[in-house]
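Encoded as structure tokens, the structure appears first; notes follow it.
Here, each number is a calculation from the coordinates, and none is a lab measurement. In this text, all values refer to a predicted model and were calculated from it rather than measured experimentally. No Cβ is skipped: glycine too gets one built from the backbone with ideal geometry, and neighbour counts run over all protein chains shown.
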Amino acid sequence: MADAEERIPGLFGRAAGLELGTDELRRYGRHLSMPEVGEEGQKRLKAARVLLVGAGGLGSPAAMYLGAAGVGTLGLVDFDEVDFSNLHRQLLHGTADVGRPKLDSARERLLDLNPEVSVETFETRLTSENALEVLDGWDVVVDGSDNFPTRYLVNDACVLLGIPNVWGAIFRFEGQASVFGVPGGPCYRCIFREPPPPGAVPSCAEAGVLGILPGLVGTIQAAEAVKLVLGLGRTLAGRLLLVDALEMDFREVEIARDPECPVCGDEPTVTELIDYEAFCGMPGEEAAAGSAGAVGADAASGAEAGAAIGGAGASGDGAGETSDRITVWQLREKLDDGEAPDLVDVREPFEWRICNLEEEGARLVPLSQLPGRLDELDEDREIVVYCHTGSRSALAVRYLRQEGFGRARNLMGGIAAWAEEIDPDMPTY
Amino acid sequence: MEETAAAPRVTVKLPASLRPHAEGRQEARVEASSVGEALRRLAERHAALGTHLFDDAGRVRGHVNVFVGGRRVDDPASEALGEGDEVRLVPSIAGG
């Protein structure tokens, strides 16, 4: 292994003090027989500590391959519970795990794959208050989080701590991957210097994602983490890999460190963690408003109108005045008092089939159809619009108000909030 | 900027997150002498796309990267284009 380059200071020394037992020699035989890895490399993997932020779509394949490969200590950060809607892509978790903490099912899965691995879990939402403490002491961080504030938080914490950030992100059929924060290379902020306006880029929950896609991208992240540990090959530092599963097109573009980067530049202005929710303009749940632009525009009909709605959301405006909104409890009260508003569900038909408020008088008008069905609505009547979590309906309400429906209101938190607060027996997704 | 018949014909590649704002198109062909002009041409065709590409001051938004031939464009306004160039838009995505 004369060619190996120590990319993680001190790792090779830590590895030198380790031995591989008989079971490990058998388990890792196909690694050991490759001169590029060999016993020295396998001991480096055993000595390595890799932290995965998110035990979801990207974290699942990354953690499973890293564990199987013999990375000695895997850390997992997540605070979520397994949901049915996770199962088409998050292979750390099985059907029987629905409702359990993801960290519990992840730990079991990883230890079943490889009992030689030590799994450390952090059941918490990563925040500016805890991130430095959680990330400190890890050799490599694998970012598999699912939102922009956490992306910037992980990046900044990695730069401040000097930890390589193996980064991946997915959207529908497309993925991106790179390695940030290595000496001389760019960090996430060098490339994406500002977050998108709130709602301009939909989440996977809103826009959907091909279940296989995180398998592709998360596995690439695992490969990059292993190369960092082994000191082998050429990593994605300085390159952004773009994956298009629909075209099965893999291409890379050049990226470089920005000397004026506020975090890793020559004169950094961000020298401690900041408020990333505020940085990303997400003070509350309506921050996701706009994410439905893509969803609405998906339908064959009304594509222009859906895009126009999305454009309005992308302007960065909030959800509007307080009177634009209504809580699930306020809606329950209205219904109980016989003051039923026109209840409009702007989700997709498949979502309606999972759960709906039809018994309360709701009807389905998918967001993409809304502009073409305004004649079904009464300008003088109170209209309460809901979707899954409140983001598409926020867009719809903004649009309706622009079109003269001044009494349109958004059901805050959507049908998910209704299920949680009002009707615990309602199926969720 | 005035468009001339001599302006190079280029292809702008649109990622999935921007396609809903461009009638679902994966790419668009425009005639433009610079990257900035190419993006403005796109925004003229698709107003919603313009909102996603440009901020209120008319600058390309900080979460949208532009690459020509695999090389990142720092200043779209001054980046000249040649006949047949491929302009690739790469906005940030966060799904995991």
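Observations on the model:
- Taking the C-alpha atoms only, the angle from helix B:35-45 to the longest principal axis of chain B is near 70 degrees.
- Potential lengthening between A:Glu6 and A:Glu359 on full extension [0.36 nm per residue; Cα-Cα distance subtracted]: 120.7 nm
- Largest-first principal axis extents, alpha carbons of the protein assembly as shown, Å: 77, 65, 40
- Under 5 Å between amide hydrogens, built in the peptide plane, is the criterion, and for B:Asn65 it picks out B:Val90, B:Ser92 among residues at least 5 positions away or on other chains.
- Mean ellipticity per residue at 222 nm, deg cm²/dmol - from DSSP H runs of n ≥ 4 across chain A, formula -39500 (n - 2.57): -9500 deg cm²/dmol
- Distance between modelled label sites at A:Asp380 and A:Ala96, nm, 7 Å Cα→Cβ extension: 6.1 nm
- Least to most buried among A:His88, B:His52 (fewest other Cβ within 10 Å first): A:His88, B:His52
- Reported value for region A:129-198: 94 Å³ per residue, from the convex hull of its C-alpha atoms.
- Distribution of pairwise C-alpha distances over region A:77-139, 10 Å bins, in %: 21, 43, 32, 5
- Residues A:Leu395, A:Leu232, B:Leu53 arranged by fewest to most Cβ contacts within 10 Å: A:Leu232, B:Leu53, A:Leu395
- Cα pair distances of region A:144-261 binned at 10 Å [whole percent]: 13, 45, 35, 6
- Cα-based helix-to-principal-axis angle, A:391-402 vs chain A, degrees rounded to 10: 40 degrees
- Overall dimensions of region A:19-102, expressed as equivalent-ellipsoid semi-axes from the Cα gyration tensor (√(5λ), whole Å, largest first), are 30, 12, 10.
- Between amide H atoms placed 1.01 Å from N, distances below 5 Å from B:Phe54 occur with B:Arg61, all of them 5 or more places distant or on a separate chain.
- In order along region B:24-32, the Karplus-derived 3J(HN,Hα) couplings, from 6.51 cos²θ - 1.76 cosθ + 1.60 at θ = phi - 60°, round to x, 5, 7, 8, 9, 9, 9, 9, 7 Hz, and Gly and Pro are given as x.
- Contour minus Cα-Cα distance for A:Asp104 and A:Glu333 (0.36 nm per residue): 78.6 nm
- Proxy reagent accessibility, fewest Cβ within 10 Å first, across B:Arg25, B:Arg45: B:Arg45, B:Arg25
- Antiparallel content of DSSP bridges confined to chain A, in %, to 5: 40 percent
- Considering chain B at the alpha-carbon level, its Rg and Dmax are found to be 12.4, 45 Å.
- Shielding by partners - mean other protein chain Cβ count within 10 Å, residues of A:186-197: 4
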